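Enquirer: After the structure tokens below, expect a handful of questions from me.
The values are calculated or read from the model by the stated rules, or taken from the named source; none is laboratory data. Note that this is a predicted model, so its numbers are computed, not measured. Methodologically, a virtual Cβ is constructed for each residue, glycine included, from the backbone with ideal geometry; neighbour enumeration extends over all protein chains shown.
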């Protein structure tokens, strides 16, 4: 899905993206529940106090999202992974990652995931990794489970039945 909030307060833009064929991913859970509202408010407060730091980071994140959409539409999964990794670095920079999320992201990358990043509001919760092929998906999933965390094996780009 491609989501863009309407700054004027009207209806948001939600678009369904298509990929050439389904792609395996994993979702790893830290087992910690974070307060998304508090995380978002914290970022908003820091951004308000220090716009010269945060405005360029948010612009970079927007550019990464646009490049990610294009790479996904072109089925350039290596590029998608690189952009995910860069996005995670930006999320670390704005203070929404956690040691558990960073550990799971690093573990997934070391096992060969094309890219990995936190998902949701951060502070805990989940990360996801791009693991095209069942073999790579299983390798990354087993490493995360061996480390004591829960994993969901799934795919993106699956058509409705």
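Enquirer: Would it be correct to say that residue 8 is in a loop (DSSP other than H, G, I, E, B), over 18 Å from residue 113 (Cβ atoms) and in contact (Cβ under 8 Å) with a residue 60 or more places away in the chain?
Expert: no
Okay, residues lined up against (1) farther than 19 Å from residue 71 by Cα; (2) touching a helix residue (DSSP H, G or I) at 6+ places or on another chain (Cβ under 6 Å):
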site: 116; (1), (2): no, yes
site: 120; (1), (2): yes, no
site: 123; (1), (2): yes, yes
site: 131; (1), (2): no, yes
site: 134; (1), (2): yes, no
site: 140; (1), (2): yes, yes
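Enquirer: Give segment 128-155 a look and list any residue that's within 20 Å of residue 77 (Cβ to Cβ), surrounded by fewer than 20 Cβ atoms within 10 Å (Cβ to Cβ) and in contact (Cβ under 8 Å) with a residue 40 or more places away in the chain, or say none.
Expert: If the condition is that a residue be within 20 Å of residue 77 (Cβ to Cβ), surrounded by fewer than 20 Cβ atoms within 10 Å (Cβ to Cβ) and in contact (Cβ under 8 Å) with a residue 40 or more places away in the chain, then 133, 134, 136, 152, 153, 154, 155 are the ones that fit.
Enquirer: Exactly one of these conditions fails for residue 14: (1) in contact with a strand residue (DSSP E or B) (Cβ under 6 Å, 6 or more places away or on another chain); (2) crowded, with 20+ Cβ neighbours inside 10 Å; (3) at pLDDT below 95. Give me its number.
Expert: (2)
Enquirer: Looking only at helices (runs of 4 or more DSSP H) that fall completely inside segment 64-161, which ones have 1 or more residues that are within 15 Å of the chain's Cα centre (by Cα)?
Expert: Where helices (runs of 4 or more DSSP H) fall fully within segment 64-161 and carry at least 1 residues being within 15 Å of the chain's Cα centre (by Cα), they are 77-93, 99-110.
Enquirer: Just to be sure before I move on: is residue 55 within 23 Å of residue 5 (Cβ to Cβ), part of a helix (DSSP H, G or I) and free of Cβ contacts under 8 Å to residues at least 24 places away in the same chain in the structure I sent?
Expert: Answer is yes for this residue.
Enquirer: Quick check on segment 67-75. Is at least one of its residues surrounded by 11 or more Cβ atoms within 10 Å (Cβ to Cβ), in contact (Cβ under 8 Å) with a residue 24 or more places away in the chain and closer than 30 Å to residue 146 by Cβ?
Expert: Yes; the residues of segment 67-75 include at least one that is surrounded by 11 or more Cβ atoms within 10 Å (Cβ to Cβ), in contact (Cβ under 8 Å) with a residue 24 or more places away in the chain and closer than 30 Å to residue 146 by Cβ.
Enquirer: Can you name the residue in segment 40-56 that is exposed (fewer than 15 other Cβ atoms within 10 Å of the Cβ) and under 19 Å from residue 121 (Cβ atoms) and is also nearest to the chain's Cα centre (by Cα) among such residues?
Expert: The qualifying residue nearest to the chain's Cα centre (by Cα) is 40.
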